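Trainee: Input: one structure, supplied below.
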Amino acid sequence: MAEAKWYVVHTYSGYENKVKVNIENTIENRGLQDQILEVVVPMQDVIESKDGVKKRVQRKLLPGYVIVNMVMNDDTWYVVRNTRGVTGFVGPGSKPVPLSDEEVKNMGITEEVLVDVDIVEGDSVTVISGAWIDTQGVVKAINLAKQTLTITVDMFGRETPVEIGFNEVRVER
């Protein structure tokens, strides 16, 4: 299988987030998770000063564009190109040009780093920091991308799901 690369997709101005959601929904509906890996609307933190009050807000780094990490083939090209709000790929004519590794790095888009965790679903853990310190729970889900665990804790006689970071728990074996 071909290697996934980052491509820039031009959208109608103001439709970036809608395009992202529409592409993600199509990926799920058509089962293309192994071909279209990630859809990103690049954002940057900006401090605005309004009426003497400074406020941190997020702004689109590239208004009118969405970045897609995908394996380019006829199916994926068709899916992205025919998403509502997309005007086309960036590149000469109808041929999309992938971003170089340096361009991806400069945009702050980083590829997912694989994390090796010695925790599996069903493990008993004790929370060692944060608001839930000394609470015991059972791991129900592991999110490697966010580096979090969903554990169930006993609260008022009911099992309640809680999301905790990897470094905030100790496995009880």
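The values are calculated or read from the model by the stated rules, or taken from the named source; none is laboratory data. Note that this is a predicted model, so its numbers are computed, not measured. Using ideal geometry, Cβ is built from the backbone for each residue, glycine included, and neighbour counts are taken over all protein chains shown. Areas reflect the complete protein model, heavy atoms only, side chains present, ligands, DNA and RNA absent. Shrake-Rupley method; radii C 1.70, N 1.55, O 1.52, S 1.80 Å.
Trainee: For segment 27-60, how many residues meet the condition of being at positive phi and of a type in the set (Gly, Ala, Ser)? Quick ask: steps written out before the conclusion?
Mentor: Narrowing segment 27-60 to residues at positive phi: 31, 51-52.
Now drop any that are not of a type in the set (Gly, Ala, Ser), which leaves 31, 52.
So the count comes out to 2.
Trainee: Tell me yes or no: at least one residue of segment 15-26 is outside any helix (DSSP H, G or I) and either surrounded by 11 or more Cβ atoms within 10 Å (Cβ to Cβ) or not aromatic (Phe, Trp, Tyr) (or both). Can you show your working first?
Mentor: Start the filter on segment 15-26 by keeping residues that are outside any helix (DSSP H, G or I), which leaves 15.
After this cut, where a residue has to be either surrounded by 11 or more Cβ atoms within 10 Å (Cβ to Cβ) or not aromatic (Phe, Trp, Tyr) (or both) as well, the list is 15.
Yes: segment 15-26 contains one or more residues that are outside any helix (DSSP H, G or I) and either surrounded by 11 or more Cβ atoms within 10 Å (Cβ to Cβ) or not aromatic (Phe, Trp, Tyr) (or both).
Trainee: Could you check how many residues of segment 1-25 are closer than 18 Å to Leu99 by Cα and acidic (Asp, Glu)?
Mentor: Residues flagged as closer than 18 Å to Leu99 by Cα and acidic (Asp, Glu) within segment 1-25 amount to 1.
Trainee: If you don't mind, there's one more thing I want to ask. How do the strands (runs of 3 or more DSSP E) wholly within segment 60-172 filter down when requiring 2 or more residues that are among the charged types (D, E, K, R): which remain? Break it down stepwise before answering.
Mentor: Numbers: elements: 65-70, 86-89, 124-127, 136-143, 148-155, 158-165, 169-172.
The qualifying strands (runs of 3 or more DSSP E) are 158-165, 169-172.
Trainee: Here's a follow-up. If I ask for residues that are in contact with a strand residue (DSSP E or B) (Cβ under 7 Å, 6 or more places away or on another chain), in a loop (DSSP other than H, G, I, E, B) and over 21 Å from Met107 (Cα atoms), which ones from segment 27-42 would you list? Steps first, answer last, please.
Mentor: Taking segment 27-42 first, the residues in contact with a strand residue (DSSP E or B) (Cβ under 7 Å, 6 or more places away or on another chain) are 27, 35-42.
Cutting the leftovers down to in a loop (DSSP other than H, G, I, E, B) gives us 35, 41-42.
Passing the criteria: only Gln35.
Trainee: Give Val127, Val153, Val66 a once-over and let me know the one that is within 30 Å of Thr26 (Cα to Cα) and in contact (Cβ under 8 Å) with a residue 12 or more places away in the chain.
Mentor: Numbers: Val127 fails: within 30 Å of Thr26 (Cα to Cα); Val153 fails: within 30 Å of Thr26 (Cα to Cα).
Step by step, each of Val127, Val153, Val66 is checked, and only Val66 is within 30 Å of Thr26 (Cα to Cα) and in contact (Cβ under 8 Å) with a residue 12 or more places away in the chain.
Trainee: A further question follows. Would you point out which residue out of Arg173, Arg158 is among the basic types (Lys, Arg), exposed (fewer than 10 other Cβ atoms within 10 Å of the Cβ) and at pLDDT below 90? Give the derivation first.
Mentor: On the way: Arg158 fails: at pLDDT below 90.
Among Arg173, Arg158, only Arg173 is among the basic types (Lys, Arg), exposed (fewer than 10 other Cβ atoms within 10 Å of the Cβ) and at pLDDT below 90.
Trainee: Name the residues in segment 36-53 that are open to solvent by 40 Å² or more (accessible area, probe 1.4 Å) and within 25 Å of Ser94 (Cβ to Cβ), would you?
Mentor: Residues of segment 36-53 that are open to solvent by 40 Å² or more (accessible area, probe 1.4 Å), as a first pass: 37-38, 43-45, 47-53.
Selection gives Leu37, Glu38.
Trainee: Residue by residue through segment 83-95, note down the ones that are more than 17 Å from Ile27 (Cβ to Cβ) and either of a type in the set (Lys, Arg) or open to solvent by 20 Å² or more (accessible area, probe 1.4 Å) (or both).
Mentor: Keep residues of segment 83-95 that are more than 17 Å from Ile27 (Cβ to Cβ), which gives 87-88, 90-95.
If the condition is that a residue be more than 17 Å from Ile27 (Cβ to Cβ) and either of a type in the set (Lys, Arg) or open to solvent by 20 Å² or more (accessible area, probe 1.4 Å) (or both), then Thr87, Val90, Gly91, Pro92, Gly93, Ser94, Lys95 are the ones that fit.
Trainee: May I ask you to say which residue of Ser129, Ser94, Ser100 is under 22 Å from the mean Cα position of the chain (by Cα), polar (S, T, N, Q) and modelled with pLDDT under 90?
Mentor: On the way: Ser129 fails: under 22 Å from the mean Cα position of the chain (by Cα); Ser94 fails: under 22 Å from the mean Cα position of the chain (by Cα).
Residue meeting the stated conditions: Ser100.
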